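Enquirer: Mind looking over this structure? Questions follow.
Read-outs: derived from the displayed coordinates by stated rules, not from any lab. The structure presented is a predicted model; accordingly, all values stated were derived computationally and were not measured. Here the Cβ is made from the backbone with ideal geometry for all residues, glycine too, and neighbour counts use every protein chain on show.
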Amino acid sequence: MSHANSSEPAFSLDSTPVDPADSDISVFFQQIKSYVGWTSEDADRVRSVWPHVEPLVPALTEDFYRTILKHEFTARVVSGGEPQIERLKVTLAKWVASLFAGKYDDEYALMRWRVGRRHVEIGLNQAYAMAALTRLRIGITKGLCEISVQARHELCDTLIAVNKLLDMDAAIIDFAYQQAFAKLLQESAAAKVQQSERLAAIGQMVTGLAHESRNVLQRSHACLEALLQDIEDRPEALKQAHRIQNALDKLHILYEEVRNYAAPINLDREPVDLVRLASTAWYNLETRWRDQATTLAVNCEHPADALIIGDRHRLDQVLTNLLQNAIDAAGQNGAICCTISRSEDNTACLLVLEDNGPGIAAERIARVFDPFFTTKTKGTGLGLAITKRIIEAHQGTIQIERSALGGAKMTIYLPAHDQLDRRR
């Protein structure tokens, strides 16, 4: 069907390549059209009301993203701040325009399919995607009922056509969810197997290397101890010997960190109070933050609800590592804020750690959890990688972004004590 009317909305979207395996979207779209009884008259009706819908688009997009940001379970997928929201509003406006363009061909179906695939990639729950579509449906229907100049029977036919189209969109998005989710599951399973095999190989190699090197390191330390006694009256030589000793100590620590990263994580679960855990980890780091006069503020909305079932030792390792990083980043007279709360849907405990340091460059944020990647001049780059493995072993997640304090913001989601059994 071809339309050349000036009221037809103009829009353009990127043409993203699609795998040949996904070409059956065309067949699926034709089946859905047939199933709902979509006709060329429906297309004409939808396209004809675009002049009435177009003025509603700014309000629709504002309501759409205002609602997303208001709910924690959807806001978490929009982490780019106001610039990203503005870009998404433009994209949504184009999406609405294409809905009323009157051209419902394979390219139209492909565009809808990409929307569903993108939702999977950013981790948006399918139920919320469908709820968002319902919200748009309500806004469009209400707007047409209030401002349409059509006769009642014509308006009814138009609304039926609009709802047919929105239902087809929902079906295509759902189809994309099914395809993309199945593909992600396969890729995730393969990646986990590959990572497990790689870690096992690293673990075997490092364990053997550490075993063979332990005797060498012990002999080196013994020789250094004897040497230190012989050169007590030679300050410069004593200084160099201490440097050698420090280097050997760091080499031993490196072996242990790599070995710990590659080793399987076995959890010894027990009730753990996150507020007490954070306070204890901070207290144990007193020698570090006291010298720098760095402060920690712990905020907890409901202390009694900050309980999880986890490995106290492993989680202390996580908090200690994150606090050490925050202390180093905040520097002299720095400020660190730790906020502990329940998620809005009450299924998880949240621990948010922020500092007022220089932060992490945007291009590096995606790599901070990669093994051996570090922004420090010293260190192995395994601290955050180990932290992520421990959190995931607890069925949780960890995210990093820019903090309102100016530095980094780490957000940890852990299943609440009364939700763990449901997620197993």
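Enquirer: Calculate the tail of P(r) for region 269-423: the fraction of all Cα-Cα distances greater than 26 Å, expressed in %. Walk me through the intermediate numbers first.
Expert: Numbers: 2583 of 11935 pairs.
I get 22 percent for the Cα pairs in region 269-423 exceeding 26 Å.
Enquirer: Can you give me the long-range amide H partners of residue 359? Hydrogens built in the peptide plane at 1.01 Å from N, cutoff under 5 Å, separation of 5 or more residues or another chain.
Expert: Residues meeting the criterion, in which the H sits 1.01 Å from N, are 408.
Enquirer: I would also like to ask the following. Tell me, what ³J(HN,Hα) does each residue in region 129-135 have, in order and in whole Hz, if you take phi through Karplus 6.51 cos²θ - 1.76 cosθ + 1.60 with θ = phi - 60° and put x for Gly and Pro?
Expert: 4, 5, 5, 5, 5, 4, 4
Enquirer: List the pairs from 70/388; 142/164; 89/388 whose alpha-carbon separation is above 25 Å, in the order I gave them.
Expert: Working: 70/388 28 Å; 142/164 16 Å; 89/388 33 Å.
Result: 70/388; 89/388 exceed 25 Å.
Enquirer: Amide H neighbours of residue 347 under 5 Å, at least 5 residues apart or on other chains, H built in the peptide plane: list them.
Expert: When sequence neighbours closer than 5 places are left aside, there are no close amide H contacts.
Enquirer: Can you give the extra length, in nm with one decimal, that the chain gains between residue 288 and residue 361 once fully stretched, where that is 0.36 nm per residue apart less the Cα-Cα distance?
Expert: 23.8 nm
Enquirer: Separate question: Test of understanding: what is the full-extension gain from residue 233 to residue 135, defined as 0.36 nm times their sequence separation minus their Cα-Cα distance? Please report the intermediate quantities before stating the final value.
Expert: On the way: separation 98, 0.36 × 98 = 35.28 nm, distance 8.14 nm.
Answer, rounded to one decimal: 27.1 nm.
Enquirer: Can you order the peptides 221-230, 407-416 by their average number of other Cβ atoms within 10 Å per residue, highest first? Kindly include the intermediate steps, with their values, before the conclusion.
Expert: Values: 221-230: 11.9, 407-416: 21.6.
Per-residue mean Cβ counts within 10 Å order the peptides as 407-416, 221-230.
Enquirer: Note down the relative contact order for region 269-423 as a percent, whole number, built from C-alpha pairs under 8 angstrom at least six residues apart. Could you put the intermediate results ahead of the total?
Expert: Details: 297 pairs, mean separation 37.8, N = 155.
Worked out over region 269-423, it gives 24 percent.
Enquirer: Ranking request for peptides 99-109, 116-126: highest mean number of other beta-carbon atoms within 10 Å first, then the rest in descending order.
Expert: On the way: 99-109: 17.8, 116-126: 16.3.
Put in order of decreasing packing, that is 99-109, 116-126.
Enquirer: Output ³J(HN,Hα) for region 384-396: one whole-Hz value per residue in order, computed from phi by the Karplus curve 6.51 cos²θ - 1.76 cosθ + 1.60 with θ = phi - 60°, and x for Gly and Pro.
Expert: 6, 5, 5, 4, 5, 5, 5, 4, 5, 5, 8, 6, x
Enquirer: Rounded to whole Hz and in sequence order, give me ³J(HN,Hα) for region 228-237 from the Karplus expression 6.51 cos²θ - 1.76 cosθ + 1.60, θ = phi - 60°, writing x for Gly and Pro.
Expert: For region 228-237, the Karplus curve yields 4, 5, 6, 10, 4, 8, 10, x, 5, 5 Hz.
Enquirer: Right, another one. Between residue 310 and residues 5 or more places away or on another chain, which pairs have amide H atoms under 5 Å apart, with H built 1.01 Å from N, and which residues are they?
Expert: The answer is 270, 272.
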